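What follows is a single structure, written as structure tokens, with notes after it.
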Amino acid sequence: MLVLATVAGFLGCGESPAALSPAPLPGVGNDDEWFWRDVLAAPLPGEAAPRDDLLALQPPAARSDALNDLAHAGDPAALTTLMAALRDEQLAVACGAAQDLGLYDHRAALPRLVKGIGPYPVDYDVPIELRAAEASALARLGNPAGMPLILAVLAEGSSDPDPDPLIQWPRTPRMAFTQRLALEGLQALAGTDFGFHSMASVPKRDASILAMRAWWNENREALWERTSLDDPHLKQRIRLLVSHLGAFQLRQVDGARFTLAHLGPAVVPFLSEGLAAGDTYVRLHCLEVMETLAGLVGAKVRGRLAVIASDPLLHDPSTGVAAQAARVAGAAGVPDPLLIALDTRREPEVQLAVTDALAAAGKAEAIAPLQAWWTDARAFTVSPDLRAAVEAALIVLDVERDPEGLLAMLASDDASEVYPALDRLIGITGSDHGIDAAAPPAARAEGIASARTALSQRGASR
């Protein structure tokens, strides 16, 4: 069993995080519409304003040369000027600004660069060329957030292009410039181009793409865990993101969650600060970022995330926050705090989230405690949602388990039983097996038989 350490111990300073207050958004008035891409590029207190004179130079080549000279000279205004230039109407100027941010080690630009590549659809419909340049700049700064985009760009024109819907762009055979930009990022992180050339034959490109993906799959966790967020101006921007996770519009929340999660595991102390916020939504969204992080990192960091989430899971007065904390522990694969929560949190929303999280954690040692708890819980009135969740969790945790409890719910003439059971069936098998929850029970028989076969084969194939 995992020994639940204190959150403060994992923060490295032995002190509880201070309560977080929203910092003013630079350049944004009370009634202004705003975008994180603009806010993260704006100068913070103590930073030089962007050089508007250079950004207005004509022709575009003059702007590019002036921006490069500014960066090369180490001018204090380079950071904010280059970030402003990412909005340049001339694509070559914007791409050059992204390259210079990476080449000249402007770590405070990390949040702005991450925001430039996602979430999709990105603000202002950023061209794929600029997104590739931003992904490569991230790679030069030691951040692998853009690697899925880089690999998808390089796979264009091969026999197996990446189908990820989050990084689509209009298909075109004219990808040589974009692939050159992307290749710079791959080389920065991997130290090799894997023999890739945009004009090579399809078989040669296929072989290069296969080697790249194998390298990424093998090294992804280690790359994430090497990320660092030690620049003071970078820290200011991270705290700005965290403190405004309670923003009114979901667009801003989505942007902040995406950006924070893709800064890597070094963002965890800042998220811990957010868990001390009085704003329920800030605490909730910090935990959502942790859940995303759990899918990027290795076992050590996942354990750390589960420990941090255990406090709100067991003690937060908001059931929504506690339920999200359960999801963090489930994504981290750590059942211990979840099993404690089964006996200490009586709210139906939390019990449901804990049960689903135990399934997500996938640890067989949770079977006996869950069964014992369920034996006691059934003495009381339980919802169909909770019943379906427990039946599904026990099936997931024990592949030899008889699935008839879940199948009986799928055959029920009570739709309130069928719908949650069908959701869990899809989660386990990846298919609804043609079962229509609104159809009469007899019409579901064939689909239920298919589901029975699929669930039974899980144990037979072990």
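The values are calculated or read from the model by the stated rules, or taken from the named source; none is laboratory data. Computed from a predicted structure; not experimentally measured. No Cβ is skipped: glycine too gets one built from the backbone with ideal geometry, and neighbour counts run over all protein chains shown. These accessible areas exclude ligands, DNA and RNA; they are computed on the full protein's heavy atoms, side chains included. Shrake-Rupley method; radii C 1.70, N 1.55, O 1.52, S 1.80 Å.
The set of residues from region 91-130 being hydrophobic (A, V, I, L, M, F, W, C) and within 24 Å of residue 174 (Cα to Cα) comprises 91, 92, 93, 94, 95, 97, 98, 117, 122, 126, 128, 130.
Filtered by the rule that a residue be assigned to a helix (DSSP H, G or I) and not aliphatic (A, V, I, L, M), region 268-289 gives 269, 270, 272, 273, 274, 280, 281, 283, 285, 286, 288.
Give all pairs with beta carbons closer than 6 Å in which a residue from region 85-98 that is open to solvent by less than 30 Å² (accessible area, probe 1.4 Å) meets a residue that is among the hydroxyl-bearing types (Ser, Thr, Tyr); count only pairs at least 6 apart in sequence or on separate chains. Note: pairs meeting the criteria are 93/64; 96/64.
Could you identify the single residue in 180, 140 that is closer than 30 Å to residue 75 by Cα, modelled with pLDDT of 95 or more and surrounded by fewer than 18 Cβ atoms within 10 Å (Cβ to Cβ)? Working first, answer last.
Values: 140 fails: surrounded by fewer than 18 Cβ atoms within 10 Å (Cβ to Cβ).
When all the criteria are applied, what remains is 180.
If you check residue 236 against the conditions, is it touching a residue at least 40 places away in the same chain (Cβ under 8 Å), farther than 16 Å from residue 281 by Cα and assigned to a helix (DSSP H, G or I)? In short, yes.
In the list 140, 107, 131, which residue meets the criterion of being of a type outside the set (A, V, I, L, M, F, W, C), out of contact with any Asp or Glu (no Cβ under 8 Å at 6 or more places or on another chain) and in contact (Cβ under 8 Å) with a residue 12 or more places away in the chain?
Working: 140 fails: out of contact with any Asp or Glu (no Cβ under 8 Å at 6 or more places or on another chain); 107 fails: out of contact with any Asp or Glu (no Cβ under 8 Å at 6 or more places or on another chain).
Of the residues listed, the single one that is of a type outside the set (A, V, I, L, M, F, W, C), out of contact with any Asp or Glu (no Cβ under 8 Å at 6 or more places or on another chain) and in contact (Cβ under 8 Å) with a residue 12 or more places away in the chain is 131.
Screening region 104-124 for residues that are modelled with pLDDT under 85 and assigned to a helix (DSSP H, G or I) and picking the one that is surrounded by the fewest Cβ atoms within 10 Å (Cβ to Cβ) gives 124. Taking the numbered list (1) of a type in the set (A, V, I, L, M); (2) out of contact with any His (no Cβ under 8 Å at 6 or more places or on another chain); (3) surrounded by fewer than 21 Cβ atoms within 10 Å (Cβ to Cβ) in turn, residue 271 passes all entries but (3).
How about region 216-227: which of its residues are surrounded by fewer than 15 Cβ atoms within 10 Å (Cβ to Cβ) and either without any contact (Cβ under 8 Å) to a residue 24 or more places away in the chain or under 15 Å from the mean Cα position of the chain (by Cα) (or both)? 217, 218 - these are the residues of region 216-227 that are surrounded by fewer than 15 Cβ atoms within 10 Å (Cβ to Cβ) and either without any contact (Cβ under 8 Å) to a residue 24 or more places away in the chain or under 15 Å from the mean Cα position of the chain (by Cα) (or both).
Mind checking which residues of region 255-267 are part of a helix (DSSP H, G or I) and either of a type in the set (D, E, K, R) or surrounded by 20 or more Cβ atoms within 10 Å (Cβ to Cβ) (or both)?
Going residue by residue through region 255-267, those that are part of a helix (DSSP H, G or I) are 255-261, 265-267.
Answer for region 255-267, where residues must be part of a helix (DSSP H, G or I) and either of a type in the set (D, E, K, R) or surrounded by 20 or more Cβ atoms within 10 Å (Cβ to Cβ) (or both): 255, 256, 257, 258, 259, 260, 261, 265, 267.
Can you give me the number of residues within region 385-416 that are open to solvent by less than 30 Å² (accessible area, probe 1.4 Å), farther than 24 Å from residue 365 by Cα and not in a loop (DSSP other than H, G, I, E, B)? Selection size over region 385-416: 3. Being open to solvent by less than 50 Å² (accessible area, probe 1.4 Å), at negative phi and more than 27 Å from the chain's Cα centre (by Cα) is a property that residue 358 lacks. Consider residue 63 carefully, then state whether it is over 19 Å from residue 255 (Cβ atoms), in contact (Cβ under 8 Å) with a residue 40 or more places away in the chain and surrounded by fewer than 24 Cβ atoms within 10 Å (Cβ to Cβ). No: the conditions fail for residue 63.
Selection of region 228-254 for residues being buried (at least 21 other Cβ atoms within 10 Å of the Cβ) and charged (D, E, K, R) yields only 237.
Quick check on region 440-455: of everything there that is more than 16 Å from residue 424 (Cβ to Cβ) and in a helix (DSSP H, G or I), which residue is most open to solvent (accessible area, probe 1.4 Å)? So that I can check it myself, show each step before the final result.
So in region 440-455, the residues more than 16 Å from residue 424 (Cβ to Cβ) come out as 440-443, 445-446, 449, 453.
Keeping just the survivors that are in a helix (DSSP H, G or I) gives 441-443, 445-446, 449, 453.
Details: 441: 55, 442: 90, 443: 70, 445: 56, 446: 157, 449: 47, 453: 70 Å².
Result: 446.
When the residues of region 361-384 are narrowed to those that are within 27 Å of the chain's Cα centre (by Cα) and closer than 23 Å to residue 422 by Cβ, which ends up least open to solvent (accessible area, probe 1.4 Å)? Break it down into steps so the answer makes sense when it comes.
Here is the first cut: in region 361-384, the residues within 27 Å of the chain's Cα centre (by Cα) are 361-364, 366.
Going one step further and asking which of them are closer than 23 Å to residue 422 by Cβ, we end up with 361-362.
Working: 361: 10, 362: 46 Å².
Applying the filter and picking the extreme gives 361.
Considering region 330-381, the qualifying helices (runs of 4 or more DSSP H), each wholly inside and each with 2 or more residues that are among the small types (Gly, Ala, Ser) and touching a helix residue (DSSP H, G or I) at 6+ places or on another chain (Cβ under 6 Å), run over 348-361. When region 296-318 is filtered for residues that are touching a residue at least 60 places away in the same chain (Cβ under 8 Å) and in a loop (DSSP other than H, G, I, E, B), the ones remaining, listed by number, are 296, 297, 298. Can we say residue 321 is in contact (Cβ under 8 Å) with a residue 40 or more places away in the chain and on the phi < 0 side of the Ramachandran plot? Here the answer is yes, as residue 321 does meet what is asked.
Looking at 388, 379, 332, which one is out of contact with any Phe, Trp or Tyr (no Cβ under 9 Å at 6 or more places or on another chain) and either modelled with pLDDT of 95 or more or within 26 Å of residue 273 (Cα to Cα) (or both)?
Working: 388 fails: out of contact with any Phe, Trp or Tyr (no Cβ under 9 Å at 6 or more places or on another chain); 379 fails: either modelled with pLDDT of 95 or more or within 26 Å of residue 273 (Cα to Cα) (or both).
When all the criteria are applied, what remains is 332.
Take the residues in region 35-57 that are open to solvent by 40 Å² or more (accessible area, probe 1.4 Å) and at pLDDT below 95; name whichever of them is farthest from the chain's Cα centre (by Cα). My answer is 46.
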